[in-house]
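Written below as structure tokens is the structure these notes are about.
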Amino acid sequence: MNVKTPYDVVVVGNGIVGLSIAYELAKRARELRIAVLGPAHRSGAASMAAGAMLNTFGEITKYTLLSPAGQAKFQICRDALDRWPTWLQEVKDASGVADLDRSLSQGTTVLLNAKSGHLDDENFAALQSALAKFDEPFEEISPADVPGLDPLAEARPLRAIHLPREGAIDARAVLDAMQTAATSLGVTVIDAEVTGFDVRDGRAHGVHLADGGSIAGATVLLAAGAFSGPLTEVLGPGAVPAMFAGKGIAVQTQRRAEPGFQHVVRTPNRSGSCGLHLIPLGDGVEYLGATNLLFDVPAHVADIGMSEFLVQVAREQLDHKLFFSDVKAWMVGNRPVALDGFPLVGRTSIDGLMIATGTYRDGFHCSPVLAKLVVDDLLGEGSLAESLPHFTPERAPIESMSPQEAVREFAFHGVSASIEAGLRLPSHTDTSVLDLFYQQAAQRFYDLVPHPVGLSPEVLLGTVFSPDLENHRITRYLTDAHKRYSGTR
Ligand SMILES: Cc1cc2nc3c(=O)[nH]c(=O)nc-3n(C[C@H](O)[C@H](O)[C@H](O)COP(=O)(O)OP(=O)(O)OC[C@H]3O[C@@H](n4cnc5c(N)ncnc54)[C@H](O)[C@@H]3O)c2cc1C
């Protein structure tokens, strides 16, 4: 495809982030010519597999508020929580999908159970202290009063906190409506895959396509989720934090007869999953999610191992009667995860090239706020460099812990995940053997890396067991990033 008429803005990526930005931009600047590019099948897209929990406090972990970058990210989530009711109404009106909120599940109950080791205790405590700090409404309830909850005796919940303002919605329905809303405002949606940018004289002039064509645009916005990594290489080695695809498997089920859950029910976030959760979508349809393992490239199909794990933990920890539910659909998507775990949102050193990705576990929830801030910048009504200074895409990796702490945390998460998966040890030993195994694996990686950076447990898990660590892309990235940014911090 060769489009002669240039667009004012070409959005690369047709997931919730790209479409929300296009919609917000078209709404506020009707005169602009805007195109959204992406394969119509959206295979592997995070937005297609998301549970779309609209959670802020439900997502809290012990790390959330530790660093200034973490606090800035949390502020986006809090703003999103306030924004969703009106955003949803707007999308309903603009798309004409009057029953869009049919699948809206209001209220989220966060459980503390004994199935995941002490990691859950720490994250649950962080939730409690954040609720108090930010004066967020909540109610501590008896787990016995959570409708639908019926776990195995060994996975009995110990405590439950209900968050009345947090819920979930059917991601696929919202995505469809968002595309309709954007096109109704004049946005052109094009079924195409972008292979690179047309950069001349330090400026982006458009994009190259897989079919050999090109599309011209005055501004190009990269929002291709976990598929964005290779496209960021145009900025040079080490310029943008390396990206991972956080492969997530989820399953939609149908209850046969008995009533199920009435609200979102979830655990705190865990490293080996994004927090086990069940979302009632109406008429007995339930979403069970989700696994989370990081890979170098996005996946398009679910695997047996993690699918089995998901069903096992949902049945054990949420409702053993899920055994009788029908499977409606397996879903797989890839969370866009930057090496440091934080979003990549802002202008780049290539004039006219912007990036909006790296949203990891909660990009669906954060999408209205990111859309607003990106459009403020595009229209000259604000500046991403000022509104989101931590998340400028060209940056040294943000360090939330030291390498030594990272080694310890990696082992702690490894042990907790093993307990959740059903670890049984002979009585003459304890979890210290596993702890040592994980510590040694992480330490071996750090011993090889010339310029170590404290990385999260899930990033280490996606890296340290690779065979050729010396030539691993993350080892290379850390060296390049150090060369580029040392002395700038
Ligand atoms: C299982 C799972 C559960 C989740 N649960 C939640 C949740 O409960 N709440 C929440 O807020 N978030 C959740 N997330 C995270 C959330 O889905 C993501 O943060 C968000 O959807 C990212 O949106 P995106 O538009 O950036 O990326 P994507 O949705 O991945 O969209 C990127 C799009 O770009 C397209 N593309 C790929 N390559 C190219 C190319 N070369 N050219 C053009 N287009 C291209 C893809 O086809 C895709 O459609 C979950 C994710 C997963 C996987």
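Each semi-axis of the equivalent ellipsoid for the range 403-485 is √(5λ) with λ an eigenvalue of the Cα gyration tensor; in descending order they amount to 28, 11, 10 Å. Packing order of peptides 392-402, 209-219, highest average first: 392-402, 209-219 (average count of other Cβ atoms within 10 Å over each peptide's residues). How large is log10 of I(q)/I(0) for the range 52-141 at q = 0.11, 0.20 Å⁻¹ when the intensity is taken from the Debye formula with one equal scatterer per alpha-carbon? Treating every Cα as an identical point scatterer, log10 I(q)/I(0) equals -0.40, -1.02. Which whole-number percent of Cα pairs in the range 252-374 have a distance greater than 18 Å? Tail fraction, whole percent: 60. Remark: the chain carries 40 Å² of accessible area per residue (probe radius 1.4 Å; ligands, DNA and RNA excluded). Using the empirical formula 2.2 N^0.38 Å as the baseline, the Cα radius of gyration of the chain reaches a ratio of 0.95. Taking amide H atoms as placed 1.01 Å from N in the peptide plane, the amide H of F197 lies under 5 Å from those of H208, each 5 or more residues away in sequence or on another chain. Within the chain, helices built from complete DSSP H runs that reach 27 Å or longer along their own axis (Cα positions) and carry a mean Kyte-Doolittle hydropathy of -1.0 or higher are 68-95.
Using the Cβ of R444 as centre and a radius below 13 Å, the other residues enclosed give a net charge of -3, where K and R count +1 and D and E count -1. Backbone amide hydrogens, once placed in the peptide plane, bring G217 within less than 5 Å of Y7, G206, V207, excluding anything fewer than 5 places away on its chain.
Taking a straight Cα-Cα cut-off under 20 Å and skipping sequence neighbours fewer than 8 places away in the same chain, the lysines within cross-link reach of K73 are K62, K133, K372.
In the chain, the portion of solvent-accessible area held by carbon and sulfur atoms comes to 53 percent [1.4 Å probe, whole percent, DNA, RNA and ligands not counted]. Across the range 343-360, coupling constants 3J(HN,Hα) worked out from phi with the 6.51/-1.76/1.60 Karplus curve, θ = phi - 60°, read x, 10, 9, x, 7, 10, 6, 8, 4, x, 10, 10, 10, 9, 7, x, 7, 6 Hz, and Gly and Pro carry x.
Across the range 42-54, computed HN-Hα scalar couplings (Karplus, 6.51 cos²θ - 1.76 cosθ + 1.60, θ = phi - 60°) run 6, 4, x, 5, 4, 4, 7, 10, 5, x, 6, 5, 9 Hz from first to last residue, x flagging Gly and Pro.
Scaling against 2.2 N^0.38 Å puts the C-alpha radius of gyration of the range 1-99 at 1.32. Whole-Hz Karplus values for the range 252-262 come out as 9, 10, 10, 5, 6, 9, 5, x, x, 7, 10 Hz, taken residue by residue from phi with 6.51 cos²θ - 1.76 cosθ + 1.60 and θ = phi - 60°; glycine and proline positions read x. Under the convention that each Lys and Arg Cβ holds +1 and each Asp and Glu Cβ holds -1, the size of the dipole of the chain around its Cα centre is about 460 debye. Considering only Y446, G229, P397, the residue lying farthest towards the positive end of the dipole of the chain is G229, judged by Cα position with unit charges set on Cβ. The listed residues V264, V433, V17 rank as V433, V17, V264 when sorted by accessible area, largest first, using a 1.4 Å probe.
Put simply, when 145-156, 46-57 are sorted by average Cβ atoms within 10 angstrom per residue, most first, you get 46-57, 145-156.
Amide H contacts of V11 (H built 1.01 Å from N, in plane; Pro and chain starts excluded): A35, V36, L37, L221 sit under 5 Å, all sequence-distant by 5 or more or on other chains.
The values are calculated or read from the model by the stated rules, or taken from the named source; none is laboratory data. Treat the numbers as computed from the prediction; the structure is a model and nothing was measured. Ideal geometry is used to build each Cβ from the backbone, glycine not excepted, and the neighbour counts take in all protein chains shown. Accessible surface is based on the protein model in full, side chains and every heavy atom, while ligands, DNA and RNA are left aside. Shrake-Rupley method; radii C 1.70, N 1.55, O 1.52, S 1.80 Å.
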